[in-house]
Amino acid sequence: MVTVPAGSTLLLRCPGEQPLALIAMAEVSAAFVAELPPIPVLGPDGPGSRRFGILELVSSAGVTWVEAELRDGVVTLAGEPPTDVVQRRGAARRPGTYAATGTAQLDSEPGRRLVAVSGQVEDVSTSGLLLRAAPADGVHLPPGIVRTLLHISMPWGDMATTVTTVDQRADQLRGTYEWMGPADEAALREFCSAR
């Protein structure tokens, strides 16, 4: 079963344009990616707009890239269906919004420097997370973040963790846990497996 949760961020890349960040307005599910119904989304375009491009589709099964059409606030998959999920999630995950503050370590010359960041974790799993954040003096995260030390307000309390960057785009950073306290590991495992 493939599920795209409500509140997920989907990225549509159209030729010659900046990528569009679209927020899924309702949860959609299907047995396979190719069978997903149209996804209602919130985006920057007004009524009557129509765009084609490559959609970065984040679902419960993982992340894949598919051809898609955005028309009147609805994304419809188009073209040849993907044969597999490119980045499969091997861990239980939970979408949500959890306040986060911390310090990002940049890999910049002549040496690494630290930048304070704050934002929210929008997706947690037992192996990593998706952070939407910005530095105190800017709109987007600075490029080249290699590691982030975060304090995240989780339902069971403050969780401190170090995250190694896997992918970074504008204000989003996806990473895997490098370090976490044993009590937080147990609480996170229980939280992600509960439905």
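On the protein heavy atoms, probe 1.4 angstrom, tell me the percent of accessible surface of segment 116-183 carried by carbon and sulfur. If you can, show how the numbers build up before the last one.
Working: 1760 of 3030 Å².
C and S atoms contribute 58 percent here.
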* GNM, the chain, Cα, under 10 Å: largest mean-square fluctuation among VAL163, VAL139, VAL115? -> VAL139
* Asked: Averaged per residue, what accessible area in Å² does the chain show with a 1.4 Å probe, protein chains only?
  -> 52 Å²
* Asked: With a Cα-only, solvent-free Debye model of segment 1-71, what are the log10 I(q)/I(0) values at q = 0.14, 0.24 Å⁻¹?
  -> -0.38, -1.13
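Just to make sure I understand: if all protein chains stay in place, what is the order of TRP179, TRP65 by accessible area at 1.4 Å, largest first?
Values: TRP179 135, TRP65 85 Å².
Per-residue accessible area, sorted high to low, gives TRP179, TRP65.
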* Structure fact -> Rg (one decimal) and Dmax (whole number) from the Cα set of the chain, in Å, equal 17.4, 52
* Structure fact -> All alpha-carbon distances of segment 126-192, grouped into 5 Å bins from 0, give the whole-percent distribution 4, 17, 27, 24, 15, 9, 4, 0
* How large is ³J(HN,Hα), in whole Hz, for each residue of segment 118-135 in order, when computed from phi with the Karplus curve 6.51 cos²θ - 1.76 cosθ + 1.60 and θ = phi - 60°, using x for Gly and Pro? -> 8, x, 8, 8, 9, 6, 10, 9, 6, 10, x, 8, 10, 10, 10, 8, 8, x
* Structure fact -> VAL74 and ARG113 label points (each 7 Å along its Cα→Cβ direction) are spaced in nm at 4.9 nm
* Can you give the helix-only mean residue ellipticity at 222 nm for the chain, where every DSSP H stretch with n ≥ 4 adds -39500 (n - 2.57) and the sum goes over all residues, rounded to the nearest 500 deg cm²/dmol? -> -2000 deg cm²/dmol
* Would you mind working out the magnitude of the charge dipole of the chain relative to its Cα centre, with +1 at each Lys and Arg C-beta and -1 at each Asp and Glu C-beta, to the nearest 20 Debye? => 140 debye
* Hey, what do the phi angles of segment 33-40 turn into as Karplus ³J(HN,Hα) couplings, whole Hz, using 6.51/-1.76/1.60 and θ = phi - 60°, x for Gly and Pro? -> 4, 5, 9, 4, x, x, 10, x
* **Apportionment of accessible area to carbon and sulfur, segment 1-42, percent (1.4 Å)** => 63 percent
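The values are calculated or read from the model by the stated rules, or taken from the named source; none is laboratory data. Only a predicted model underlies this, so the values are computations on that prediction, with no experimental measurement involved. Quick reminder, even Gly has a Cβ in these numbers, built from the backbone with ideal geometry, and neighbours come from all protein chains shown. Areas reflect the complete protein model, heavy atoms only, side chains present, ligands, DNA and RNA absent. Shrake-Rupley method; radii C 1.70, N 1.55, O 1.52, S 1.80 Å.
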